[in-house]
1. Mind telling me which of the residues 150, 91, 167 ends up being within 20 Å of residue 186 (Cβ to Cβ) and touching a residue at least 40 places away in the same chain (Cβ under 8 Å)?
2. Please determine whether any residue of the range 178-191 is out of contact with any helix residue (DSSP H, G or I) (no Cβ under 8 Å at 6 or more places or on another chain), more than 20 Å from residue 295 (Cα to Cα), more than 16 Å from the ligand (Cβ to nearest atom) and at pLDDT 95 or above.
3. Spot the failing condition for residue 242; the list is (1) surrounded by fewer than 24 Cβ atoms within 10 Å (Cβ to Cβ); (2) out of contact with any strand residue (DSSP E or B) (no Cβ under 7 Å at 6 or more places or on another chain); (3) modelled with pLDDT of 95 or more, and only one is missed.
4. Condition (residue is touching a helix residue (DSSP H, G or I) at 6+ places or on another chain (Cβ under 9 Å), away from the ligand (no atom under 16 Å from the Cβ) and not in a loop (DSSP other than H, G, I, E, B)) applied to the range 216-223: is it met by at least one residue?
5. Sort out which residues of the range 72-88 are more than 9 Å from the ligand (Cβ to nearest atom) and touching a residue at least 24 places away in the same chain (Cβ under 8 Å), and write them in order of number.
6. Does the range 255-274 include one or more residues that are buried (at least 24 other Cβ atoms within 10 Å of the Cβ), near the ligand (Cβ under 10 Å from one of its atoms) and modelled with pLDDT of 95 or more?
7. Go through (1) under 16 Å from residue 158 (Cβ atoms); (2) under 15 Å from the mean Cα position of the chain (by Cα) for residue 5 and report which single condition fails.
Ligand code: F0G
């Protein structure tokens, strides 16, 4: 039967209320792409779970199909979220499909163009907040406590339920859990979901458990520093978060899995974005953080990749944030429309 999205495929494993009314854009079923060349360099079996290939270009669609389906079933009319951009675009798309009103709060001036454009294109009401993501999140929490507006940030438990599907897919594709899972950490919903998903699959299918390497950006690394960061800064705007809502659970996932949460610099993130592109996989900066962490730890001799099966999660597509690339090179060379000019340039 044709693929029908994660609620259809994994609904029996997700803790969703019976009144849930499924709304899907056929999210999920993303490829687990082998990286044999880089894997050889690191001495491991390496894969990218390319979540940028979800319908709105990021992993958020997995949790959003669940959260919006629950909100619709419950009779909500309006949904709201705070977002560094991807959640906003995803909420906007699923709300549009369900006929719900979507309001998204974004930190002023810090959202990548492809994300903002998506939220607008899908018809959300976009509001900029003079402050950080954390400030915006506090506002949406307060308004959803005082009104029937439904919160679709990953504080919403159904977001976590839907997002578990990524762990199930990885186990299904590999016929076991990987030895390590490396991923970026911002508000910490994703790492929480993966760990819950892997534990659940291990309990019913004995697929084993991965160790988890969570990676933050140095300028926005509250879980590494052990305290909130008041003014988070990083080129990876998706994870520019100083007070992760599920920070405790992220630390638990790292600890229980015998993994770790580390930080990498913006330079390492951008260099790793280029490494992935050299393998044909273009991701937005935050999405390169997982591999950046793996490479940095391996280079420092603090990580033994040799002989391991490793999955790095690339959370969002490069098209989300094109300016990070276009601003880093001069305009393309210009030639007259003649064969000679082309030949002179390239031969
Ligand atoms: N990668 C990308 C591309 C993201 O957009 C996010 C989070 C993360 C990683 C981190 O995931 O928050 O579950 O730890 N983006 C949120 C948003 C905050 O608003 O789109 P997390």
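1. 91
2. Within the range 178-191, none of the residues are out of contact with any helix residue (DSSP H, G or I) (no Cβ under 8 Å at 6 or more places or on another chain), more than 20 Å from residue 295 (Cα to Cα), more than 16 Å from the ligand (Cβ to nearest atom) and at pLDDT 95 or above.
3. (2)
4. No.
5. Here is the first cut: in the range 72-88, the ones more than 9 Å from the ligand (Cβ to nearest atom) are 72-80.
Passing the criteria: 72, 73, 74, 76, 77, 78, 79, 80.
6. No: zero hits.
7. (2)
Table: residues versus (1) surrounded by fewer than 24 Cβ atoms within 10 Å (Cβ to Cβ); (2) over 23 Å from residue 28 (Cα atoms); (3) modelled with pLDDT of 95 or more.
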site: 58; (1), (2), (3): no, no, yes
site: 63; (1), (2), (3): no, no, yes
site: 66; (1), (2), (3): no, no, yes
site: 74; (1), (2), (3): yes, yes, yes
site: 87; (1), (2), (3): no, no, yes
site: 101; (1), (2), (3): yes, yes, yes
site: 113; (1), (2), (3): yes, yes, no
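The values are calculated or read from the model by the stated rules, or taken from the named source; none is laboratory data. On a predicted model such as this, the values are computed, not experimentally measured, just so you know. Ideal geometry is used to build each Cβ from the backbone, glycine not excepted, and the neighbour counts take in all protein chains shown.
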